[in-house]
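Let me give you the structure first, and then I'll get to my questions.
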Amino acid sequence: MKTGIKVGDAMTEQPIVMKPSDTLVKCAQNMAEHKISAVLFKQEDKLRGILTDKDIVRKLVAENKNPLMLKASEVMNTNLYTTTPDEDIFEALSKMGKFDVNHLPVVSGQELLGLLTVKDILKIEPQLFEMLVDKFEIKEEERKPIHKIGKREGLCEACGDYAEELIDHDGANVCVKCQV
């Protein structure tokens, strides 16, 4: 499903960019000051990584590591999933769901142009929320009302159309006509 809205129209054009040698405390302070959930890292004009608030919780707090003693390079994700400014935001959101990320650096070749977040997309196209909901993992789902409904509705992962009933077909949620 194409929205006609390009990543370049929705992205944050001036994301916070830091150096991998910066301390985690400095990174967290920047995130708090700017009210953001991720910072990017460049070194020698090349994108090197991303650090999110989720990384701080899961890689530091949960593992009882001292952030005062660590540099960003020791925690940041260097396996980056990126998008281009010409990609449709629907495709970018699909990529976010597939790789379980909420942020995609926007690049053209080796040049960092911006950062696209789930919030950026949903602010512009709130109806894409349904697509995102299918990717959420819900703890104890079997005891919650959503499980008792019996049928799932949302966007078909094959054709992108909204369907009142989605079927699991080879690990994808598809409408009845795309099931074949």
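No lab work stands behind these numbers, since they all come straight from the coordinates. Here the structure is a predicted model, which means the values were calculated and not measured. Reconstructed Cβ throughout: ideal geometry from the backbone, glycine too, with neighbour counts over all protein chains shown.
When DSSP beta bridges are limited to those with both residues in segment 7-125, what percentage is antiparallel, rounded to the nearest 5?
Here the antiparallel bridges make up roughly 85 percent for segment 7-125.
Sticking with this structure for a sec: Taking only pairs that are 8 or more places apart or on different chains, how many Lys pairs in segment 1-69 have Cα atoms under 30 angstrom apart?
29
Between D161 and N64, what is 0.36 nm times their sequence separation minus the Cα-Cα distance? Round to one decimal in nm.
Answer, rounded to one decimal: 30.4 nm.
What range in the chain is the longest one free of trypsin sites (Lys or Arg not before Pro) that are in a loop by DSSP and have at most 15 other Cβ atoms within 10 angstrom?
In the chain, the maximal stretch lacking such sites is 66-134.
Turning to a different aspect of this structure: Please report the base-10 log of the normalised intensity I(q)/I(0) for the chain, using a Debye sum with one equal scatterer per alpha carbon and no solvent, at each q in 0.09, 0.14 (1/Å).
The calculated log intensity ratios at q = 0.09, 0.14 Å⁻¹ are -0.39, -0.85.
Let me have the 222 nm mean residue ellipticity of the chain computed from DSSP H runs of 4+ only, each contributing -39500 (n - 2.57), with the sum over all residues rounded to the nearest 500.
Here the helix-only value at 222 nm equals -6000 deg cm²/dmol.
Another question, then. Select from segment 1-70 those GluC sites (Glu not before Pro) which occupy a DSSP coil region and have at most 13 other Cβ atoms within 10 Å, ordered by residue number.
E13, E44, E63
Please state the relative contact order of segment 69-112 as a whole percent: Cα pairs under 8 Å, 6+ residues apart?
It comes to 43 percent, rounded to a whole number.
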